[in-house]
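Undergrad: Just passing along the structure, written as structure tokens.
The values are calculated or read from the model by the stated rules, or taken from the named source; none is laboratory data. Nothing here was measured: the structure is a model prediction, and the numbers come from that model. Quick note on the areas: whole protein, heavy atoms, side chains included, nothing else; ligands and nucleic acids left out. Shrake-Rupley method; radii C 1.70, N 1.55, O 1.52, S 1.80 Å.
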Amino acid sequence: QVQLVESGGGLVQAGGSLRLSCAASGSTVSINAMGWYRQAPGKQHELVASITRDGSTNYADSVKGRFTISIDNAKNTVYLNMNSLKPEDTNVYLCNARSHVAAYWGQGTQVTVSS
């Protein structure tokens, strides 16, 4: 089992920045990728950004150039630096960790961007 604890959400004005963190514990040796998702209208979750242990990244088109994902493998922690935030980025951001056989989710952290 893997447990995920997120932090760093909050309220920020449009154009501002936030940094989300997600620390994994438990069977972390099984994790091969981590990422951030958010809820989308009519969908369960949409990918915001993901990163593998070796640093390969993937971003949603809507955040490219504004968000940067990084991973500290020694700390089993993934970070999401969010710049130039827009009101449409307001959402609950969920941390995800994947192994070959399972996916794990955090509780979510609220990000609110005011206009």
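Undergrad: Calculate what fraction, in whole %, of the accessible area of the chain sits on carbon and sulfur atoms when a 1.4 Å probe is rolled over the protein chains.
TA: 48
Undergrad: If you bin every alpha carbon distance in the range 1-61 into 5 Å steps from zero, what whole percent lands in each bin?
TA: Each 5 Å bin holds this share of Cα pairs: 4, 13, 19, 25, 23, 11, 5, 1.
Undergrad: Next question, about the same structure. Rounded to the nearest 10 Å², what accessible area does HIS45 show when all protein chains are kept and the probe is 1.4 Å?
TA: Result for HIS45: roughly 70 Å² accessible.
Undergrad: Taking the solvent-accessible surface of protein heavy atoms with a 1.4 Å probe, what is the per residue accessible area of the chain in Å²?
TA: 52
Undergrad: Output wanted: per-residue J couplings in Hz (rounded whole) for the range 26-35, from phi through Karplus 6.51 cos²θ - 1.76 cosθ + 1.60, θ = phi - 60°, x for Gly and Pro.
TA: These are the phi-based 3J(HN,Hα) values: x, 7, 5, 4, 7, 6, 10, 7, 9, x Hz.
Undergrad: Where the Cα atoms of the chain are projected onto their three principal axes, how long is each span, largest first, in whole Å?
TA: Principal extents (largest minus smallest coordinate, Cα): 41, 28, 23 Å.
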